Amino acid sequence: MKHLSESVESLRANLERLLRLHNALKNENDILKNQIDAQRRGIGEKNKQIEALEHQMDLLKASQAVASNMDDDAPDPERREIRSRINDLIKEVDRAIARLQD
């Protein structure tokens, strides 16, 4: 009878230990799921920023192509100013892309 009682007590202790471990793992799993969700949201935001910057870059490339093919009728200082503005915008986009890649 004593042996049976000891076996039941040992089984109960093991069951309690398993339940504690199970609860701890469930909590850890919930934390990890939350972290994954946060990372996915962050990635989504970064992808939107990348798309916007790529769109800006395409527009800048197009405007640069237009500026390089401008008529010779445009005054030289005006042409320089346009090219300067376009170059500044391109540099700004390049810096933004570099920050995203970091």
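The values are calculated or read from the model by the stated rules, or taken from the named source; none is laboratory data. All of these numbers come straight from a predicted model, not from anything done at the bench. For accessibility, only protein heavy atoms count, side chains too; no ligands or nucleic acids. Shrake-Rupley method; radii C 1.70, N 1.55, O 1.52, S 1.80 Å.
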Determine the share of the chain's accessible area contributed by carbon and sulfur atoms, expressed in whole percent, with a 1.4 angstrom probe.
54
Per residue, accessible area of the chain with a 1.4 Å probe, heavy atoms of protein chains only, in Å², comes to 87
Take the Cα pairs of the chain, get the Kirkwood Rh, then feed it into Stokes-Einstein at 20 °C and 1.002 mPa s and tell me D in µm²/s.
110
Which residue, Glu16, Glu28, Glu81, has the most motion in a Gaussian network model of the chain that connects Cα atoms within less than 10 Å?
Glu16
